[in-house]
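Novice: Got a structure here, written out as structure tokens. Questions coming.
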Amino acid sequence: MGWRGKLRHIHETKRRNFFLAVSEVKDDAKKLAAIYGDGWQKDLEIYGSIDKYLEKNIATKPEEEVFDEKFTFREIYVPLEVKTVNSHGEIEQTATPQNIQEWAKTILLDENKDKQVLFIQAGPGRGKSVFCRMFADWVRQELHPIYTPILIRLRDVRNFAANIDETLTNAVGWDFVKTDSGWLTDCNTRFLFLLDGFDELLLERGASNELKVFLDQVAQFQKQAAENNERGHRVLIMFAQHSAGKSEA
């Protein structure tokens with residue numbers, strides 16, 4: 001983690017703890033609470049909603065049982081090794097295999113690559129969705145609130161809006177989104193969007209223009225996020241390929 005990331009982690013942790021402290025002593029510190037008006041209460045509610053989302057939708061994923069079996073995803077998870085691909089999507093055979101989590105973590109925290117969407121491609125049944133579960137929970141434990149993981153199954157997105165902000169808002173649907181129209185432009189919160197199941201979406205809907213437009217929107221979203229301090233988000237997309245590999249776009 002670079003020095004900017006460490007400073008951001010310290011800032012966000014202190015900010016959250018401050019709001020919690022003011023909330024706990026509100027009756028004995030009315031003057032202090034009054035300085036921040038109703039804004040601090042709204043922020044506290046948003047943080048609370050985010051924490052509940054992480055607890056219910058992220059922390060539980062590795063502990064879910066695999067189909068009807070009596071073992072969990074965490075118990076069977078084996079970290080994948082991956083290789084880079086070239087601009088044509090072909091595996092670079094001479095590339096050194098890397099641990100998939102270490103690769104994703106390195107790219108995510110590299111401040112010089114913040115304009116890049118993280119693409120991970122692999123054949124069907126190779127563990128893409130399981131990795132999404134495990135990596136999202138790792139980000140929750142180790143990087144939040146520097147990055148807050150949001151896991152989205154693309155096949156559950158019924159309608160792709162004209163702009164990606166609206167699509168993401170509808171896909172998440174929690175109070176921290178519904179009650180805050182500026183949730184994507186809050187400079188104090190950065191999200192890592194893990195978009196899983198693009199291959200399933202293709203099977204359901206085919207290579208429609210709607211999906212092509214969505215991918216263009218993702219690329220533009222990532223570029224704008226890197227150029228705007230209020231939108232420092234990152235996107236990771238999982239999709240199927242006949243041969244396993246990974247790439248940065």
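Novice: Which of the residues spanning region 75-110 are hydroxyl-bearing (Ser, Thr, Tyr) and outside any loop (DSSP other than H, G, I, E, B)?
Specialist: Those that are hydroxyl-bearing (Ser, Thr, Tyr) and outside any loop (DSSP other than H, G, I, E, B): Thr84, Thr106.
Yes or no, residue by residue, for (1) of a type in the set (Val, Ile, Thr); (2) open to solvent by 10 Å² or more (accessible area, probe 1.4 Å); (3) out of contact with any Lys or Arg (no Cβ under 6 Å at 6 or more places or on another chain):
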| site | (1), (2), (3) |
| --- | --- |
| Glu69 | no, yes, yes |
| Glu75 | no, yes, yes |
| Asn112 | no, yes, yes |
| Phe119 | no, yes, yes |
| Trp138 | no, yes, yes |
| Leu143 | no, no, yes |
| Thr148 | yes, no, yes |
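Novice: Are any residues in region 147-159 under 11 Å from the mean Cα position of the chain (by Cα) and either assigned to a helix (DSSP H, G or I) or among the hydrophobic types (A, V, I, L, M, F, W, C) (or both), and if so, which ones?
Specialist: Ile150, Leu151, Ile152
Novice: Additional query: If I filter region 85-110 down to residues being under 19 Å from Asp196 (Cα atoms) and in contact (Cβ under 8 Å) with a residue 40 or more places away in the chain, which single residue comes out as surrounded by the fewest Cβ atoms within 10 Å (Cβ to Cβ)?
Specialist: Gly89
Novice: Please note which strands (runs of 3 or more DSSP E) are completely contained in region 160-249 and include at least 3 residues that are under 21 Å from Trp103 (Cβ atoms), open to solvent by less than 60 Å² (accessible area, probe 1.4 Å) and modelled with pLDDT under 90.
Specialist: 234-240, 245-248
Novice: If you go through region 48-68 one residue at a time, do you hit one that is touching a Ser or Thr at 6+ places or on another chain (Cβ under 6 Å) and over 26 Å from Val172 (Cα atoms)?
Specialist: Within region 48-68, not a single residue is touching a Ser or Thr at 6+ places or on another chain (Cβ under 6 Å) and over 26 Å from Val172 (Cα atoms).
The values are calculated or read from the model by the stated rules, or taken from the named source; none is laboratory data. In this text, all values refer to a predicted model and were calculated from it rather than measured experimentally. Here Cβ is always computed from backbone atoms with ideal geometry, including for glycine, and neighbour counts include all displayed protein chains. Heads up: the accessible areas ignore ligands, DNA and RNA and are worked out on the full protein's heavy atoms, side chains in. Shrake-Rupley method; radii C 1.70, N 1.55, O 1.52, S 1.80 Å.
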